[in-house]
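Chemist: One structure coming up, written as structure tokens, with questions to follow.
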Amino acid sequence: MRAPEPRRPQPWPIRLTHWANVPLLAILAGSGLQILVAYPRMGPRGRPYALYPFQDAVPPSWLRLGDWLAGARSWHFAFGWFLALNGLVYVLYLALSGEWRRRLFLPRRDARDAVATLAYYLRLRPAPARVGLYNGLQRLAYTATLLMGALSVLSGLALYKPVQLQGLTALFGGYDAARFVHLAMLTLLAFFTLGHVVLVALHPRTFGEMLTGGRRPHA
């Protein structure tokens with residue numbers, strides 16, 4: 001029997017779902033901010049929400065999509081299903097292909113390497129601890145992003161159908177808490193995207209691999 005052919009650094013399902021996230025997240029972020037404009041306070045009945053420091057702050061118009069509340073909701077709810085489906089395809093591929101071993105954070109394997117890599121980025125260590133497809137810190141970041149995406153979808157469902165899915169809404173602590181979680185996940189995903197772009201700029205080879213898949217390693 002022939003040995004299985006070595007996989008490229010970035011298989012095509014990974015690349016497809018990765019690039020699909022770019023327009024989907026942009027549309028959902030813009031439409032979500034337009035929805036926020038209609039009700040910029042997180043608390044019930046217009047009251048402030050203790051954990052939210054930006055009461056009554058209105059995002060700039062160039063960041064928003066939908067022009068008005070109903071238009072923004074139409075964009076948001078329509079493309080939210082595509083984002084959920086895209087995430088489901090990605091997770092299923094990780095599980096069925098075994099790629100999860102290369103990409104997800106496993107504490108016993110990756111915790112020490114993540115700390116060492118962070119020390120390297122902070123100039124406290126002269127060289128990274130490990131060279132490979134991903135280091136422990138990258139795996140931690142990508143795994144956290146999956147969890148943030150799941151929380152975004154679940155909190156979005158709680159906001160979409162708070163009565164029909166009242167059990168899910170209650171898990172978040174109520175409608176207002178679910179709304180805060182939804183906005184917090186958007187903020188964290190935006191910071192992740194910014195950091196991701198910076199690191200890609202520092203390591204442009206990874207951008208090419210995400211376009212072409214990269215070269216197959218020698219068996």
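Chemist: Please list log₁₀ I(q)/I(0) at q = 0.17 Å⁻¹ for the chain, using the Debye equation with identical point scatterers on the alpha-carbon positions.
Modeler: -1.28
Chemist: Would you list D56, D110, D176, D67 from the most to the least accessible area, probe 1.4 Å?
Modeler: D67, D56, D176, D110
Chemist: Would you compute, from DSSP H runs of 4+ residues alone, the mean residue ellipticity of the chain at 222 nm, taking -39500 (n - 2.57) per run and dividing by the full residue count, rounded to the nearest 500?
Modeler: Using -39500 (n - 2.57) per qualifying helix, the result is -22000 deg cm²/dmol.
Chemist: Also: Net charge within 14 Å of Y90 by Cβ-Cβ distance, Lys/Arg positive one each and Asp/Glu negative one each, not counting Y90 itself?
Modeler: Spelling it out: positives minus negatives among the neighbours equals +2.
Chemist: Still on this structure: Per residue, how many Å² of accessible area does the chain show with a 1.4 Å probe?
Modeler: About 65 Å² of surface per residue is accessible.
Chemist: Something else: What do you get for the angle between helix 69-97 and the principal long axis of the chain? Use alpha-carbon atoms, 0 to 90 degrees, nearest ten.
Modeler: 30
The values are calculated or read from the model by the stated rules, or taken from the named source; none is laboratory data. Since we're looking at a predicted model, the values are computed, not measured. Note: ideal-geometry Cβ built from the backbone for every residue, glycine included; neighbour counts use all protein chains shown. Surface accessibility is based on the protein's heavy atoms, side chains included, excluding ligands, DNA and RNA. Shrake-Rupley method; radii C 1.70, N 1.55, O 1.52, S 1.80 Å.
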